C-alpha cells in the first residue's frame, strides 16, 4: 500500500478561518494509508514546498495530497516540487478546500467536515493513481497560415524568418486582405498601401513561403504536429508565369461587374487584376461571370492574348500538405448594412459603409482620391458619420463593441476635412473608445483644432429629401433632438467574422464564440491559441482588432509556433482515455462522441485511442456501454472509491 | 423642439467673438461635465455650464445669451480650476456676459436702486453688479 503524506494549507486566513485545520490534521492522521500529515500557513511558499520534499525523503512517501486552493492555480507548483525529489508528478493530488469549501461556507463545523471528505476522496483517488509519462509524438516542422491579410502576412513572415516553411492559403486572388483597401491608417495617417505592400512583396518573394491563392482548406486529418491538410485551389485560368500583364484581355472583355476591391463603387471586367499591387501579380478570370467557358458565347480574351497565357480548360486542383501547426487569420467583414433599414443603405447611393468611404478617400479608388459623392459626383459639404451602426445593440444586431470604428470614423472625418477644407463632418457617437497608444490625442486634436463636431446620441433615421440626406438624431448632452441636412452619410458598421469562416471552423473542428469569432483557449492568459491543440489565432478572426493589435497577435502566435517547432517532438498530457481491447465490442459509439476525433476503429474492430489527440474529456468513457474505455488515473474503481468515502 | 445643426453655425462669428473675448478654444471641451458638477450654484441655473459650452459648440450663442445661468455664475473659478482640458470656463462665462453688457442687456444702474435695496442687498452682490459694467 502507498505511503501517503497529507499537507493541509491555511492559505493565510482564507482556509483557516472557516476550516479547523488542527482538528482536520488530527482526524486524517489515523485515516488508512496516511503515513504523514502536517499543516502550514502557505503550502505554496518555498518553506511549504520544502516541507513536502523533506517529508518525501525522510518518510519515504510515494503519494502526496495537498489540501489547498484550486488545482488550476498551484497544481503545477506542487507537481514540480515532487518531481524535483524524484516522485512521479501523477502521484500528487490537490484537494480543493478553498474555492469549493472555505470560501463558500460560514459554519466552521460543517466546513471542516466537508474539507475532511474532500481530502479523503483525494486520498482514495491517489491510492490507485499510476505513475505516468507524457505522451510524445513526432513533429512536422511546417506551418500553415489561413488568411492573407495583415495578420496572416505578418505571422507567415515571422515564421519564415525563424527558418521554417510556411504554406499560406488565401481565398481571394491576391493577398492583402482588407488593409490593402484602406486609404490611410490611424493615428499616424500613413498610407495603408505604402506600409503593407513591402510586406506583401517580401512574402511573395520569400523562398520559405508557398502561396495558395484562390484556395480554401478542404479537409484535415491527423493531429497537432502531424496534420495532413487538403487544399482546394480554384483555377484562375491565366498562367501567372506566362502572363505579361499587358492588359489586352481586359480591354476586350465584354463582361462588366462590380469591383470587390472598390466595394461595389466601381466596375471591373470578368478577366481582371484585383488591384494594381496584387500578389501574385497576374490576371485572373472570375468564373461566375466569364462567358468564355462556352466558346460559342465568348473567348475574346483568349484570342487577343499574345503570350497564350489563358486556358479555359484548367480544372480545380487539390493539394495535400503535411503541416505541424496552423494559424487562423481569416479576418473580418462588415455587418450587412441592409439589416439596418432605418439608415437607408442600398436604397440611397449616398449612404455608404466605412470600407466604401475608404475607397473614396483612396488614390486608387473609384474617384482617384477626389472627394465626390456617388449619386451625382458632387463634393459633399456636410457629412454625417454614424458610429455603432449595428454594434452595441444586443436587442437587434450585435452586442459587442467593434473596437475600431471610433478611430476609423474620426480618421475618415479628418481625411475628409483635409480634402474639403470648408466641409463639415458630424460624428454621432454613444461613447468614444480610444484605448490605443496616442489614439485619444488623435481624437482631441481633431476636435479642438479641425472643427469635427461630435454629437452624443444615436441616429433614429436617415431619409432623402431633394438631393440631401436628412438625419434625425438626438443630442443627449443638450437633451434636444437634432436634424442635419447632409450630403453624404457614412455608417461605421460592426465587424463580423469573415464570410465562410463558419465552414472553416466546422472543417477544422474549432470552437467559436456566440458571435462566430474564433474562441481562444483563455481570454486573458492564452489569447493566441485555440482550444484545439495545434491551432493558433491571429487578427480579427478572434475578435474585432485594429492593425497594431492584429500584427502583435500575429507575431505572438508566430512566436508560440516557433517555440513549438524548436522541439524535436511534441508532448501531451497523459491523463487520457485508454481501452481494454478484450472488453471493447467495437460498437463505435465512442467515435461519434469524441469531440477531438481521437477515437478510431482499428482493423480488429477495436476502438483505439489516438493518445496525442485525446484531451481526456471523458465523453467516450461515459458513453462506452461495455466499460472498456477508462480514463487514466480516473478509472471507474477510483471514482467508486471516492463516492464510497463521501457516502460512508 | 429640435436643433437644426448647420455647417454655417459651427464656428460662426459669434463663436469666434466668444473665443476672442475669453481667449479659450470652445472646441477643446469634450463634455465631461466636471465644470457643472463642481459648480456651487448649478442648482439655480436654467442650463448648466457644460450645456452652455455645448450650445456654443453648435454656434447657438443666442440661447446662452438669453439664459439666466450666465448671471447666476458668481465667477468662483471652480470650473476653471477643475477643467481637465484646461479651459478657463469662467472666462467663457464672462465673455457671454460681456457680449450682453455691450448690448446694454443686464446693466445695473446704481442710481436707480432705492435706498432700502442698497441697504438690504449684501455688499458683495453690489460689487458683483458693478463689476458687470467693467466688461
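A few comments on the model shown:
- Check on residue A:465, in the same structural domain as residue A:379 (by TED's automatic domain parsing) and farther than 27 Å from residue B:25 by Cβ: yes
- Just one of the listed residues (A:300, A:308) is touching a residue at least 60 places away in the same chain (Cβ under 8 Å) and more than 29 Å from the chain's Cα centre (by Cα), namely A:308.
- Candidates A:442, A:428 - the one that is more than 9 Å from chain B (Cβ to nearest Cβ) and closer than 19 Å to residue A:353 by Cα: A:428
- Verdict on residue A:155 being at pLDDT 95 or above and outside the structural domain of residue A:552 (by TED's automatic domain parsing): no
- All positions within region A:39-52 that are surrounded by 16 or more Cβ atoms within 10 Å (Cβ to Cβ) and either part of a helix (DSSP H, G or I) or out of contact with any helix residue (DSSP H, G or I) (no Cβ under 6 Å at 6 or more places or on another chain) (or both): A:43, A:48, A:49, A:51, A:52
- Residue A:557, sole failed condition from (1) touching a residue at least 24 places away in the same chain (Cβ under 8 Å); (2) within 30 Å of residue A:180 (Cα to Cα); (3) surrounded by fewer than 19 Cβ atoms within 10 Å (Cβ to Cβ): (3)
- Listed by position, the strands (runs of 3 or more DSSP E) contained in region A:317-358 that have at least 2 residues being more than 30 Å from residue A:527 (Cα to Cα) are A:317-323, A:351-353.
- Residue check, residue A:416 within 13 Å of another protein chain (Cβ to nearest Cβ), part of a helix (DSSP H, G or I) and in contact with a strand residue (DSSP E or B) (Cβ under 6 Å, 6 or more places away or on another chain): yes
- Of the helices (runs of 4 or more DSSP H) lying entirely inside region A:522-641, those containing at least 2 residues that are over 20 Å from the mean Cα position of the chain (by Cα) span A:589-593, A:619-623.
- Restricted to strands (runs of 3 or more DSSP E) entirely inside region A:223-302, those with at least 2 residues that are under 18 Å from residue A:317 (Cβ atoms) and modelled with pLDDT of 95 or more are A:226-233.
- Enumeration of residues in region B:1-16 that are facing chain A (nearest Cβ under 7 Å), part of a loop (DSSP other than H, G, I, E, B), touching a residue at least 40 places away in the same chain (Cβ under 8 Å) and within 17 Å of residue A:384 (Cα to Cα): B:10
- Residue match in region A:443-451 (condition: buried (at least 16 other Cβ atoms within 10 Å of the Cβ) and either assigned to a strand (DSSP E or B) or not assigned by TED's automatic domain parsing to the domain that holds residue A:431 (or both)): no
- Qualifying residue in region A:32-47 (condition: touching a residue at least 60 places away in the same chain (Cβ under 8 Å) and touching a strand residue (DSSP E or B) at 6+ places or on another chain (Cβ under 9 Å)): yes
- Summed over region A:302-329, the residues that are in contact with a strand residue (DSSP E or B) (Cβ under 7 Å, 6 or more places away or on another chain) and over 30 Å from residue A:534 (Cα atoms) give a count of 3.
The values are calculated or read from the model by the stated rules, or taken from the named source; none is laboratory data. Note that the coordinates shown come from a computational prediction; the quantities given were computed from them, not determined experimentally. Reconstructed Cβ throughout: ideal geometry from the backbone, glycine too, with neighbour counts over all protein chains shown.
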